[in-house]
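This report refers to the structure that appears directly beneath it.
The values are calculated or read from the model by the stated rules, or taken from the named source; none is laboratory data. The structure presented is a predicted model; accordingly, all values stated were derived computationally and were not measured. Here the Cβ positions follow ideal geometry from the backbone for every residue, glycine too, while neighbour counts run over all protein chains shown. For accessibility, only protein heavy atoms count, side chains too; no ligands or nucleic acids. Shrake-Rupley method; radii C 1.70, N 1.55, O 1.52, S 1.80 Å.
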Amino acid sequence: MLEHVGRHQEISTNAIARQLGLSRSAAYRIVGTLKNLEYLEADQVTGRVRLGTRLVELGARAMAATDLHRCAPRYLASLAERSGETTYLAVPDNDTMVYVATERSASAVTLACRLGTRRPQHATSLGKAWLAALPEGDRLERVRRMKLDSLTLKTIIDPHRLLDELAKTSRRGWAIDEVENEPDVGCVAAAVRDHSGRPIAAISIAGPAPRVLRRLDELGASVAGTAAALSLRLGYVRSRPA
C-alpha cells in the first residue's frame with residue numbers, strides 16, 4: 001500500500017481499495033493504522049492520502065546506515081594504525097551491540113570477537129558509548145528494563161552504578177571496558193551519530209587489558225576524535241553554545 005501511494009503521490013482510500021483489490025473496510029482500516037503511525041497523512045481538504053513524515057525519517061536513517069558501512073572502514077583502519085590495536089564498529093540491536101566491521105594493526109593481538117557477534121550493551125565499551133549518547137530519559141528507561149548479566153568479575157550489574165558510569169561517559173566523550181566483557185581484554189569506545197544527532201553506532205579500540213588500560217586518556221581521545229570525524233562525514237554538525 002505504501003508503494004502504491006508513493007507511485008500516485010496522492011490518492012483516495014476508495015481508489016486504493018479498488019486498485020489493490022481490497023475491501024473498502026480493509027483499506028480504511030489499514031490506511032487508518034498507517035496514518036496513526038505517521039506513515040501516511042491525509043490532505044485536510046480532499047481527504048486523499050500521501051506518504052507521511054515518518055517515511056522521510058526512515059529513509060534518512062537508511063541513507064545514513066548505507067553511508068556508515070561504506071565510510072567506516074577507512075576510519076577504522078586509520079584508528080587501528082595509530083593505536084596499534086584492533087578497532088571495531090558495532091550497531092545496536094535491542095540490548096546488544098552487533099559487531100559489523102573490524103580492522104587490525106600489524107602489532108595487534110588476535111581477539112576472539114568475530115563479525116556478527118553480539119555482546120550486551122552494559123558490559124562493553126561500545127554499548128556504554130551508545131547508551132551514554134542517548135537522551136537522558138531514554139538512557140534511564142533502557143537501563144531500568146535491561147537484564148544486567150555478569151560476564152566477568154568486573155561487569156557492572158547494578159543499574160545505579162551503570163547509570164553513574166554512563167553519566168561519566170557522556171561528560172568524558174568516550175566509554176571504558178575494564179575487563180567487563182572478556183577476561184584480559186580492555187576497550188575504549190565512542191558513539192557515532194547520524195545527521196540528526198541520533199547515535200546509530202559506536203567504534204572501539206580493543207586489546208590486551210594492560211596495554212589498553214594504561215593508555216586510557218590517549219586512546220579515549222583518539223577514538224572520540226575518530227567517532228566525531230565519522231559523524232561529521234554522516235552529516236552531524238554539533239551545535240555550538242550561543
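Going by the conditions given, is L2 under 16 Å from R54 (Cα atoms) and either open to solvent by 40 Å² or more (accessible area, probe 1.4 Å) or hydroxyl-bearing (S, T, Y) (or both)?
So L2 passes the test.
Taking the stretch 33-43 as the region of interest, how many residues are over 12 Å from M1 (Cβ atoms) and either open to solvent by 70 Å² or more (accessible area, probe 1.4 Å) or not acidic (D, E) (or both)?
Selection size over the stretch 33-43: 4.
If E180 satisfies all but one of (1) open to solvent by less than 40 Å² (accessible area, probe 1.4 Å); (2) within 16 Å of G220 (Cβ to Cβ); (3) in contact with a strand residue (DSSP E or B) (Cβ under 8 Å, 6 or more places away or on another chain), what's the number of the condition it fails?
Every condition holds for E180 apart from (3).
Which ones in the stretch 112-153 are aliphatic (A, V, I, L, M) and over 25 Å from R171 (Cβ atoms)?
Looking only at the stretch 112-153, we keep the residues that are aliphatic (A, V, I, L, M), and these are 112, 115, 123, 126, 129, 131-134, 140, 143, 146, 148, 151, 153.
A112, L115, L151, L153 - these are the residues of the stretch 112-153 that are aliphatic (A, V, I, L, M) and over 25 Å from R171 (Cβ atoms).
Among the numbered criteria (1) in contact (Cβ under 8 Å) with a residue 40 or more places away in the chain; (2) part of a loop (DSSP other than H, G, I, E, B), which one does I176 miss?
(2)
Only one of (1) open to solvent by less than 30 Å² (accessible area, probe 1.4 Å); (2) more than 20 Å from the chain's Cα centre (by Cα) is not met by A190, so which one is it?
Every listed condition holds for A190 apart from (2).
Just checking, does the stretch 146-159 include any residue being assigned to a helix (DSSP H, G or I), free of Cβ contacts under 8 Å to residues at least 12 places away in the same chain, open to solvent by 10 Å² or more (accessible area, probe 1.4 Å) and assigned by the TED database to the domain that holds E103?
no
Every residue in the stretch 150-165 that is under 25 Å from R211 (Cβ atoms) and either among the basic types (K, R) or touching a helix residue (DSSP H, G or I) at 6+ places or on another chain (Cβ under 6 Å) (or both), please.
L151, K154, T155, I156
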